[in-house]
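Bear in mind these aren't lab numbers, they're just calculated from the coordinates by the rules spelled out. Predicted model, so just to flag it, every value in this text is computed and none were measured. No Cβ is skipped: glycine too gets one built from the backbone with ideal geometry, and neighbour counts run over all protein chains shown.
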Amino acid sequence: MRREVDLEEISDGKLYGLNDMVKADCNDCRGCCDCCQGMGDTVVLDPYDVYRLSSYLKRDPKELMESYLELGIFDGNILPHLRMEGKEERCVFLNKEGRCSIHPARPGFCRLFPLGRFYENNSFQYFLQIHECTKTNRSKIKVYKWIDTPNAKRYDEFVTEWHYFLKDVQEVLYRTEDTELIKNLNMYVVNRFYLKPYEDGKDFYEQFYERLEEGKGLMSLEK
Ligand code: SF4
Ligand code: SF4
């Protein structure tokens with residue numbers, strides 16, 4: 001089932017670009033780790049997240065999947081998400097001191113929070129979620145600084161491409177009742193974009209776009 005959200009209810013009503021100031025900076029989250037627990041299967045990873053984690057932890061994606069990630073269904077797509085463990089459903093990467101043990105390689109979802117992405121017309125803008133972060137005295141910060149990712153513009157382009165590719169996959173998945181096709185398509189996405197390692201030291205985006213072109217070709221055959 002697709003999720004529908006009313007932007008008016010969950011945001012301050014504004015949309016932001018990379019160079020805009022937004023009241024998102026929770027000053028290093030001092031003393032708080034609320035959004036690192038009880039998140040269920042919602043911290044969904046994109047291929048860049050898995051590449052970044054894999055390089056940082058020096059573990060291949062299959063090992064990451066066995067130890068730290070799980071597959072779940074998200075808007076019809078089968079995608080990896082961070083594993084939450086124990087009674088309090090703590091993220092596997094949250095240490096005893098309540099800090100993120102993989103901070104330099106944390107996924108895009110964690111970098112964004114409490115921002116979200118609003119997709120429209122083959123693009124997206126950021127919005128501030130007003131009911132999520134429990135810190136009330138947040139400071140203003142430029143969006144690109146907050147997401148703390150090299151080459152933010154290129155990253156945004158990748159995020160957009162990935163989002164709309166998954167939408168195309170969803171269209172096929174929602175339209176068909178062929179269970180073999182559903183399984184094969186989902187496994188194709190997981191294997192091709194997540195489990196097949198990206199070469200370290202070689203530009204991630206170039207490798208991703210090669211795979212994307214192949215994936216788009218496949219989707220055009222299914223349409
Ligand atoms: S990866 Fe780090 S920042 Fe993200 S939920 Fe886990 S502990 Fe929190
Ligand atoms: S709820 Fe806000 S302050 Fe607390 S860990 Fe998350 S982003 Fe940081």
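Miscellaneous remarks
- Estimated FRET transfer efficiency (residue 164, residue 57; beta-carbon r; R0 45 Å; 0.05): 0.95
- Fewest-first ranking of 196, 58, using other Cβ atoms within 10 Å as the exposure measure: 58, 196
- Farthest toward the positive end of the dipole of segment 7-218, out of 73, 189, 130, is the Cα of 130, where the dipole comes from beta carbon charges about the Cα centre.
- For segment 144-186, backbone nitrogen atoms closer than 18 Å to the point 7 Å from residue 216 Cα along Cα-to-C-beta are found at 154-172.
- Counted by neighbouring Cβ atoms within 10 Å, the residues 83, 106 run from fewest to most as 83, 106.
- Taking each of 142/167; 62/216; 58/196; 23/135; 62/183 in turn, the alpha-carbon distance tops 22 angstrom for 142/167; 62/216.
- Percent of alpha-carbon pairs separated by more than 31 Å within segment 7-218: 20
- Between 145, 183, 23, the GNM of the chain built on Cα springs shorter than 10 angstrom shows 183 fluctuating the most.
- Relative to the longest principal axis of the Cα atoms of the chain, the long axis of helix 152-175 lies at roughly 50 degrees.
- Loop-resident GluC sites (Glu not before Pro) (DSSP state other than H, G, I, E or B) in segment 184-223 with no more than 12 further Cβ atoms inside 10 Å of their Cβ: 199.
- Taken one residue at a time, the phi angles of segment 48-62 give Karplus couplings (6.51, -1.76, 1.60, θ = phi - 60°) of 5, 4, 5, 4, 5, 5, 4, 5, 5, 8, 6, 10, 6, x, 5 Hz. Gly and Pro are set to x.
- Cβ charges +1 (Lys, Arg) and -1 (Asp, Glu), total dipole of segment 95-176, debye: 480
- Gain upon complete extension [residue 176, residue 192; 0.36 nm per residue less C-alpha separation]: 3.6 nm
- Distance-filtered residues of segment 123-152 - backbone nitrogen under 16 Å, label point 7 angstrom along residue 27 Cα→Cβ: 134-141
- With Cα atoms, 0 to 90° folded angle of helix 204-222 axis to the chain main axis: 50
- 5 angstrom amide H check on residue 11, placed H, neighbours 5+ away: 130
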